[in-house]
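Below is one structure, written out as C-alpha cells; the observations come after it.
Quick note: the coordinates plus some simple rules give every number you see, no bench work behind them. Model, not experiment: these values are computed from the prediction. Note: ideal-geometry Cβ built from the backbone for every residue, glycine included; neighbour counts use all protein chains shown.
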C-alpha cells in the first residue's frame, strides 16, 4: 500500500477519500499563508488530479501521507518536476504541505528525508531542489534540517509582480552530500 514508509508515516497514491481532508487543508489560511490563495474544493480536486497524473507519468510525485498507526491523512510530501521555467529548471523539487494540526511534530522532515533517499537511491537523481517564498521560515527550517543548502533568491515567475510572495529562496542537496544527512 505504501510507496515509502518512515517509522510513523506512509506515503501512498492518492485516494478519493483524501479529497475532503485535502480540500479542508487547502482552504485553511494558516496552511496556505505563503500561497497566492486558498483553494476551493473543486480546485483541490483538480490539484489532486494533476498530482496523480504526474505520479503516473514520472513514477514519483507529491504523495498522500498517512499516520501509519491511525490511517489519518495528514497532507502530502514528495518529489515533483516544476512546471515553470527558471534558470535552474528542469529539475526535481522536494515539497510538503501538511494540515495545521500536524505541524511541529517532525512529520515533514521525517517524510522529506525518505523522499530524498528515494530520489537518490531509486530514481538516480544527482540533485534535488526546494523553493519557497522568502517569508516562509518554517519551510526554510525544514530544508536546512534535511541537509539542503541555500543557493539564491529568485523571483517566482508564476507569482504576480508586486506580491510579497514573489521573492523565493532556492535550496538544493546533491546526492554526494546525502551521506551527511541521517536517513
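Over all projection directions, the Cα-based convex hull of the chain averages an area of 9.9 nm².
The order of 14, 103, going from fewest to most other C-beta atoms within 10 Å of their C-beta, is 103, 14.
Region 115-158 and region 1-75 have Cα centres lying 19 Å from one another. Every helix of 4 or more DSSP H residues in the chain counts as -39500 (n - 2.57), and over all residues that averages to -8500 deg cm²/dmol at 222 nm.
In this structure, residue 41 and residue 103 have a Cβ-Cβ separation that, at R0 = 22 Å, corresponds to a calculated FRET efficiency of about 0.50.
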